[in-house]
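Down below is the structure, laid out as structure tokens.
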2 protein chains.
Amino acid sequence: MPNPRIILVETAGARNLGSVARVMKNFGLSELWLVNPQCDRLSDEAIHMAVHAREILENAKIVESLPEALMGCQRAIATAGRIDKGDMKVTNPPQGLSWLSQVATSAIVFGAEDRGLSNAEIQHCQQVLQIPVNPDYPSLNLAQAVGVCCYQWQLLRDDPKSHENLTSQIAQDLLKSAPIDLAPREDIEACYQQLEAVLLKIGYVYPHTAAHRLRKFRNIFDRANLSPSEVAMLRGILRQVNWATDQ
Amino acid sequence: MPNPRIILVETAGARNLGSVARVMKNFGLSELWLVNPQCDRLSDEAIHMAVHAREILENAKIVESLPEALMGCQRAIATAGRIDKGDMKVTNPPQGLSWLSQVATSAIVFGAEDRGLSNAEIQHCQQVLQIPVNPDYPSLNLAQAVGVCCYQWQLLRDDPKSHENLTSQIAQDLLKSAPIDLAPREDIEACYQQLEAVLLKIGYVYPHTAAHRLRKFRNIFDRANLSPSEVAMLRGILRQVNWATDQ
């Protein structure tokens, strides 16, 4: 059960970065990605809070955008506190992390301290994970949110039963129908971009309706757990449609 | 399901106190007891870290000894990281908190940041709760340890049977990921026929390869459990492609 990446988008607090590194190591996770960080991961404050997890800060990968951080991931889950998720599937930590654990490469994405993840960022993930909180004060500290997810991951890893239980009856059937070999997210994302371009070109969507309509396609194809060859096939047909409409 | 007290013994860090108050409120807990605290619960650092949970710090009860803090509790659980617990019963958070939830008044006890709980202190409790951690770096930040317990409590409160039910929960969840409202087979079949016609027209397949290639599309869309509106959408786009290639 390979560990997920922890991806932090535009983190502003160096102390939070350090606390995240510490709690990741406490629960056996190590791969930290920082998207456009707004603070220095190796500042005194970060190092101080990381205590014995300094190497996680040192080895953190720094990238410009969320799609870069998701390169190679087969499944990604966005954490969010707000309720308005549109058509996205919302799960709690035990369910969402069970789902992540079914693939080899996965990621959990956390937004900036003040604003969380934007809707555009959430669209790069397939599910939204909501930590169950008190509606009177739902705003968790970033490192606490990461800590809860890392803890839940550790529980899942410790208890093989909760994973074996997935193989019961109907769940087993549904899982069997999914190819083991999931396409990487960036290929699926490129496929969606290509689909959007074609739909705009043939006039099926307009620029202002494209995102909403594309969400429906994403839902269908995300449910289908596309394999690499299936993504290649879909992209082939989109190229052909593009070519045909040029003739 | 009445909430447990959170009892902190000889906490030294004011920032930790504030973080504990915040995460307690995030997960709906409110009763904080401080045994012989080594810092000021109303210091600037504590208040700063508590953010919107200042009242938990203000209302905290301050006592001299752990037995005083446990007055009136029917069950108490000590948190500890080390293995040597003598003959105390050791549980993990889901099990330990389920056990606490069976009584009206209960407490979760946390030791000082540097030394944890002494054996004498642990003896005042009936069980020892161990958060499953990485043996390479087992030392959780105090507020993270409290956060994990509060989160687990909230999960339990949301779904008292969550532990036993995880199996069926995941199965249900997998089922839910498919729309309940499945499209009739004949509509899906008509959609496949239309797709085949378009693929032939744009030269993506030839008559002798169409059936084989269409099988791959059927696999994808059958896995996705299409709803009637999704089938209608797919047919709409196929009509539009057809129209666009006629222009």
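Since every read-out is calculated from the coordinates, none of them should be taken as a lab result. These figures come from a predicted structure and were not determined experimentally. Neighbour counts run over all protein chains shown; Cβ positions are idealised from the backbone, glycine included.
Work out the FRET efficiency for B:SER118 and A:MET71 from their Cβ-Cβ distance, taking R0 = 41 Å, and round it to the nearest 0.05.
Taking R0 as 41 Å, the efficiency between B:SER118 and A:MET71 is 0.25.
Could you calculate, for segment B:1-81, the ratio of the Cα radius of gyration to the Kirkwood radius, expressed as Rg to Rh?
Rg divided by Rh gives 0.95.
Do any GluC sites (Glu not before Pro) in segment B:37-68 lie in a loop, going by DSSP, with at most 12 other beta-carbon atoms within 10 Å of their beta carbon, and if so which?
Of the GluC sites (Glu not before Pro), the ones in loops of segment B:37-68 whose Cβ has at most 12 other Cβ atoms within 10 Å are B:GLU64.
Using 7 Å Cα-to-Cβ label points, what is the B:ASP187/B:ASN92 separation (nm, one decimal)?
4.4 nm
Quick one: Karplus J couplings for segment A:66-76, per residue in order, coefficients 6.51, -1.76, 1.60, θ = phi - 60°, nearest Hz, x for Gly and Pro?
Per-residue couplings from phi come out as 4, x, 4, 5, 8, 3, x, 7, 8, 9, 9 Hz.
Under a crude label model (7 Å from the Cα following the beta-carbon direction), how far is B:VAL51 from B:ASN219 in nanometres?
For the pair B:VAL51/B:ASN219, the computed spacing is 4.7 nm.
Between copies, how close do the B:ALA211 label points come, placed 7 Å along Cα→Cβ, listed in nm from shortest?
Result for B:ALA211, in nm, nearest copy first: 4.6.
To check my understanding: the extent here is largest minus smallest coordinate of the Cα atoms along each principal axis. What are those three numbers for segment B:102-152, in Å, largest first?
Ordered largest first, segment B:102-152 gives principal extents of 36, 27, 16 Å.
Go through segment B:92-103 residue by residue and turn each phi into a ³J(HN,Hα) via Karplus (6.51, -1.76, 1.60, θ = phi - 60°); whole Hz please, and just put x for glycine and proline.
Karplus values, whole Hz, x for Gly and Pro: 9, x, x, 5, x, 6, 4, 5, 4, 5, 7, 10.
Scan around A:THR91 for amide H atoms under 5 Å from its own, H built in the peptide plane at 1.01 Å from N, and keep only partners 5 or more places away or cross-chain.
Here the answer is A:VAL128, A:LEU129, A:GLN130, since their amide H atoms fall under 5 Å of that of A:THR91.
From zero outward in steps of 5 Å, how is the percent of C-alpha pairs of segment B:185-246 spread across the bins?
Over segment B:185-246, the share of Cα pairs per 5 Å bin runs 4, 18, 29, 25, 18, 6, 0 percent.
Using a label point 7 angstrom from Cα along Cα-to-C-beta, what distances in nm, from shortest up, separate A:GLY72 from the other copies?
Copy-to-copy label distances at A:GLY72, shortest first: 5.5 nm.
Based on DSSP, what percent of beta bridges with both residues in chain B are antiparallel, to the nearest 5?
Bridges in chain B that DSSP calls antiparallel: roughly 5 percent.
Fewest first, what order do B:MET233, A:MET24 take by the number of other Cβ atoms within 10 Å?
Placing the least packed residue first, the sequence is B:MET233, A:MET24.
Sorted from largest to smallest, which semi-axis lengths in Å does the alpha carbon gyration tensor of the protein assembly as shown give for its equivalent ellipsoid, taking the root of 5 times each eigenvalue?
Equivalent ellipsoid semi-axes, largest first: 50, 23, 18 Å.
Quote the charge dipole size of segment B:5-171 about the Cα centre in Debye, to the nearest 20; the model charges only the Cβ of Lys and Arg (+1) and of Asp and Glu (-1).
With Lys and Arg at +1 and Asp and Glu at -1, about 340 debye.
For chain B, what is the Kirkwood hydrodynamic radius in Å, using each pair of distinct C-alpha atoms?
The Cα-based Kirkwood calculation yields 22.2 Å.
Using DSSP, restrict attention to beta bridges with both residues in the protein assembly as shown and report what percent are antiparallel, rounded to the nearest 5.
Restricted to the protein assembly as shown, the bridges split so that about 5 percent are antiparallel.
Where the label is 7 Å out from Cα toward Cβ, how close does A:GLN38 come to the same position in every other copy, in nm, shortest first?
Distances between equivalent label points, in nm: 3.5.
To the nearest 0.05, what FRET efficiency results for B:SER43 and B:ALA232 with a Förster distance of 56 Å applied to their C-beta separation?
Computed FRET efficiency for B:SER43 and B:ALA232 comes out at 0.35.
With respect to the cross-link table entries A:LYS216/B:LYS216; A:LYS89/B:LYS216; A:LYS61/A:LYS201; A:LYS216/B:LYS201, which display a Cα-Cα separation exceeding 29 Å?
Beyond 29 Å: A:LYS61/A:LYS201.
Quick check on the exposure proxy: order B:THR105, A:THR79 from fewest to most C-beta atoms within 10 angstrom.
Least crowded to most crowded, the residues run B:THR105, A:THR79.
Quick one: order B:TRP99, A:TRP243 by neighbouring beta-carbon count within 10 Å, fewest to most.
A:TRP243, B:TRP99
Along the charge dipole of chain B, pointing to its positive end and built from +1/-1 on Cβ of Lys, Arg, Asp and Glu, which listed residue (B:CYS39, B:VAL23, B:SER118) has its Cα farthest out?
Projecting each Cα onto the dipole axis, the largest value belongs to B:VAL23.
With Cβ to Cβ distances under 12 Å as the rule, what net charge do the other residues near B:PRO93 carry (K, R +1; D, E -1)?
Taking every other residue near B:PRO93 into account, the sum is -2.
On a 0 to 90° scale, report how tilted helix A:142-158 is relative to the longest principal axis of chain A, with both axes built from alpha carbons and the result rounded to the nearest 10.
That helix lies at roughly 80 degrees to the long axis.
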